[in-house]
1. Per-residue counts of other Cβ atoms within 10 Å, averaged by peptide: what ranking do you get for 53-65, 327-339, 14-26, highest first?
2. For segment 26-169, what is the Kirkwood estimate of the hydrodynamic radius, computed as the reciprocal of the mean inverse distance between distinct Cα atoms, to one decimal in Å?
3. Assigning unit charges at the beta carbon (Lys, Arg +1; Asp, Glu -1) and nothing else, what dipole magnitude in debye, to the nearest 20, does the chain show about its Cα centre?
4. Positive end of the dipole of the chain, charges at C-beta (+1 Lys, Arg; -1 Asp, Glu), about the Cα centre: which of 126, 391, 61 has its Cα farthest in that direction?
5. Please sort 6-13, 219-226, 344-351 by packing, taking for each peptide the average over its residues of neighbouring beta carbons within 10 angstrom, highest first.
6. Along the charge dipole of the chain, Cβ charges K/R +1 and D/E -1, which of 323, 300, 252 sits furthest on the positive end?
7. Please identify the GluC sites (Glu not before Pro) of segment 10-90 that satisfy two criteria: DSSP loop assignment and at most 15 other Cβ atoms within 10 Å. Which are they?
8. Straight-line reach from residue 100: which lysines fall under 29 Å, measuring Cα to Cα and dropping same-chain residues less than 8 apart?
Amino acid sequence: MSTLTSHKVAMLGTGLIGDFYTMTLHSQRGRDRVVVAYSRSEERGRAFSERWGIPRHTTCVDDAINDPEVDTVVVGLPNDLHLETIGKVAAAGKNLLVTKPLGRTGAEAKEILDIVESAGIFGGYLEDLVYTPKTTVSLASVKAGAIGDVTWVRAREAHPGPHSAWFWDSKRAGGGAVIDLGCHCIEIARNFVGKDNRPIEVMAWADTLVHPIAAEDNAIFLVRFESGAIGQIEVSWTFRGGMDLRDEVSGTEGTIRIDHFLRTGLELFTTGGSGGYVAEKAETDAGWLFPVGDEVSELGYVDMFSDMFDAIDAGRAPRETLYDGYVVNTIMDAALKSAQTRQWEPVEVAWRGGTAASIKRVPEYHQGRTVVKRELLPDGRSKLILNDPETGEITDVVL
């Protein structure tokens with residue numbers, strides 16, 4: 001007889017993220033079940049429950065949270081509903097898993113964090129992209145020292161825009177592409193530079209270039225960390241051709257490049273169209289297509305939920321905590337402010353992490369001078385670029 005623990009879940013929200021979450025729980029993870037689904041629409045709730053074999057659905061969020069069979073509540077609702085809903089989950093004493101971003105602002109995220117911690121319940125932050133198989137392998141390499149000290153992380157997420165109306169409403173969402181996509185990219189950068197590496201300040205550009213909305217549909221910003229490392233975040237709701245998810249990590253001893261989605265190694269050409277779903281945010285079903293073999297696995301959902309439920313069972317913190325979600329919100333606050341002021345803005349965060357040492361590489365010497373660069377010439381000889389530590393004079397020598 002299996003000794004594995006299973007969980008009974010209330011799924012709050014029946015949109016695309018609810019589909020991904022439930023697909024993962026019922027299929028890839030297998031032993032956990034959604035037993036009640038909440039939707040504001042009776043029709044959508046019924047269709048969602050029939051699609052995934054869920055025994056009960058309701059239009060009353062309180063009934064879903066307080067269902068006696070439920071031990072874990074997944075909040076997959078619009079951003080403006082997180083605070084009130086999470087307060088109800090905390091009052092019910094259930095395990096809480098909440099989709100990104102934690103709140104619309106750093107202040108709102110901190111309020112959520114305080115409520116959950118005061119209630120003493122489990123809280124997990126569902127940031128799937130740090131759990132992708134490629135990220136997991138890359139992080140292990142970084143922690144093993146394969147690329148030395150991380151100096152720079154570029155994280156990019158771009159696609160034609162979100163799938164539900166509320167995302168486009170800056171009051172409900174808290175912003176535009178920065179809030180929707182920047183939260184992913186920021187947490188990817190934080191994982192690679194180290195979570196004890198305090199974010200110090202942000203410089204951002206953001207604009208509304210295409211869509212007739214109040215929020216930004218494009219943004220680029222830099223996050224400076226305590227060690228001196230830089231996170232370069234690129235987000236767009238106007239990228240055409242699917243969903244572009246790429247990360248680049250540079251260190252003193254190496255480099256990592258990751259393409260998660262748009263170029264996966266699987267390419268298909270069709271003149272007639274497949275007539276079906278290709279991948280998230282794909283804009284066409286004809287021409288050159290880039291299907292994703294196992295979408296929920298490639299996007300990190302499988303390992304994310306495994307970590308969350310394993311953490312609940314073991315009584316430990318998950319890899320992604322609500323505090324992480326709060327830190328991400330404070331960085332996005334600084335980015336949105338910087339986009340207005342056009343200057344570096346400090347990250348206002350109640351820091352609980354440790355300290356990070358400055359990036360430092362032990363210099364190599366040649367005849368009393370430091371080696372700036374060593375390269376191999378076409379004829380097999382070596383060339384050294386040298387710096388005199390006393391005068392600052394830069395010279396080169398061929399060996």
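1. 327-339, 14-26, 53-65
2. For segment 26-169, the Kirkwood estimate is 17.7 Å.
3. 360 debye
4. Positive-most Cα among the choices belongs to 391.
5. Final packing ranking: 6-13, 219-226, 344-351.
6. Farthest along the dipole direction, towards plus: 252.
7. 69
8. 8, 88, 110, 134, 143, 171, 195, 281, 337
The values are calculated or read from the model by the stated rules, or taken from the named source; none is laboratory data. What you see is a predicted model; the values in this text were computed from it and never measured. Note that we place each Cβ from the backbone using ideal geometry, even for glycine, and neighbour counts take in every protein chain shown. All accessible areas refer to the heavy atoms of the entire protein, side chains included, with ligands and DNA or RNA removed. Shrake-Rupley method; radii C 1.70, N 1.55, O 1.52, S 1.80 Å.
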